[in-house]
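S.K.: Questions regarding the structure given below will be posed in turn.
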Amino acid sequence: AVIDGTTLVTGVLTTTAATVFNGGFASNADSTMGTNKKLIFRDAAIHISSVNDGDLMIVADDEIDITSTLIDINGNVDISGTIAAADALTMATNKKIIFRDSAIHISSTADGDMSIAADDEIDITSTLIDINGNVEISGTAAITGIATFTDDIIIGDGKTIGSAST
């Protein structure tokens with residue numbers, strides 16, 4: 001059925017075939033879509049449907065634009081594509097970005113602290129790693145290249161090895 005102009009439904013609208021509204025649509029009552037039926041916009045590639053009880057599908061062949069000052073999702077989010085954020089992503093307090101399992105994650109356990117955890121190895125690959133601050137190593141440091149020091153080397157018992165001035 002094709003309906004031109006604004007349509008106001010005050011009861012239940014039941015259709016057995018596709019219904020096209022060329023004008024506005026308003027309803028004073030709840031509307032229920034039948035099982036495996038779609039609310040189609042423009043063409044079949046752009047629609048809202050529910051094929052399983054409890055599931056809602058919003059489908060577009062290009063882009064779905066949700067414009068709001070706040071989107072609140074209560075549940076898991078499954079993204080099979082790439083996340084491209086136009087602004088910073090903020091993690092809530094004590095939340096983690098988890099990779100594979102909970103043992104591999106990035107988090108902030110306290111204000112000003114960053115924690116990168118792995119149960120095996122953290123591999124940083126770069127031509128230059130610039131650390132501005134003190135470095136604490138609680139395990140063994142294995143250096144396979146040249147170590148250049150611009151100041152004295154002080155061993156844990158306070159002894160100085162060499163001198164930067166010599």
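S.K.: Accessible area per residue, 1.4 Å probe, Å², for the stretch 35-86: what's the number?
M.R.: With all protein chains present, the stretch 35-86 gives 96 Å² per residue.
S.K.: To continue, here is another question. Hey, any idea what % of the stretch 66-117's accessible area is carbon plus sulfur with a 1.4 Å probe?
M.R.: Of the solvent-accessible surface of the stretch 66-117, carbon and sulfur hold 52 percent.
S.K.: While we're on this one: Cross-link candidates for K38: which lysines have Cα within less than 28 Å, leaving aside residues fewer than 8 places away along the same chain?
M.R.: none
The values are calculated or read from the model by the stated rules, or taken from the named source; none is laboratory data. Given the structure is predicted, the values throughout are model-derived calculations rather than measurements. Side chains are part of the model used for accessible areas, which takes the heavy atoms of the whole protein and leaves out ligands, DNA and RNA. Shrake-Rupley method; radii C 1.70, N 1.55, O 1.52, S 1.80 Å.
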